[in-house]
Each structure stands twice: as C-alpha cells, then as structure tokens.
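Input: a single structure, listed below in structure tokens.
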Amino acid sequence: MQSDQIKLLLERQIPHSQVEANFEGSHLKLTVISPAFEGLSRLKKQQLVYSVLAEKIADGTLHAVQMVTLTPEQAGQ
C-alpha cells in the first residue's frame, strides 16, 4: 500500500481532514489534522484514525503506525 492510498482513505473517512502519510519500511508515520478531533482526548483521536485503518492492520498491510492527531487550531491553521 502506498502513502497516497492511506492519505486518500483517511481523507475520505475523517471529515475535512488533511493527512500526511509516509512509510519507513513497513512503519507508517501519520499526521492527521481535522476539525472532527475537536473536543476529543488524544486517545479518542487515535482510536478514530485506527478505526479507519483497522482492516489494513488486521490483514497485515500495515504493521506499525505512529501518528500525530491535531485539530486545525492545534496545528496553527
């Protein structure tokens, strides 16, 4: 799976999101910015992202995910 496919998947599933996705071997590094994260704890933000990626993690496409999840305000937008 390519970075742009992950980016597209997340941007389609998380409203008004901006995603940066980079693979380092089998490890995915993500930055996801979305107003959908407003009022959510860090854990709830990550759970939202993992829910979108769950199938890819379960089938072994993704082995490890490191993420930063921000609201637009937290990202300085």
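Quick rundown of the values:
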| read-out | value |
| --- | --- |
| Within segment 1-75, GluC sites (Glu not before Pro) in DSSP loop having at most 16 other beta-carbon neighbours inside 10 Å | Glu38, Glu73 |
| Expected-Rg normalisation [2.2 N^0.38 Å, Cα atoms] applied to the chain | 1.02 |
| Counting DSSP beta bridges with both ends in the chain, the antiparallel % (nearest 5) | 50 |
| List Phe37, Phe23, ordered by accessible area with a 1.4 Å probe, largest first | Phe23, Phe37 |
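The values are calculated or read from the model by the stated rules, or taken from the named source; none is laboratory data. Note that this is a predicted model, so its numbers are computed, not measured. Don't worry about glycine lacking a Cβ; one is built from the backbone with ideal geometry, like all the others, and counts go over all protein chains shown. Heavy atoms of the whole protein, side chains included, go into the accessibility calculation; ligands, DNA and RNA do not. Shrake-Rupley method; radii C 1.70, N 1.55, O 1.52, S 1.80 Å.
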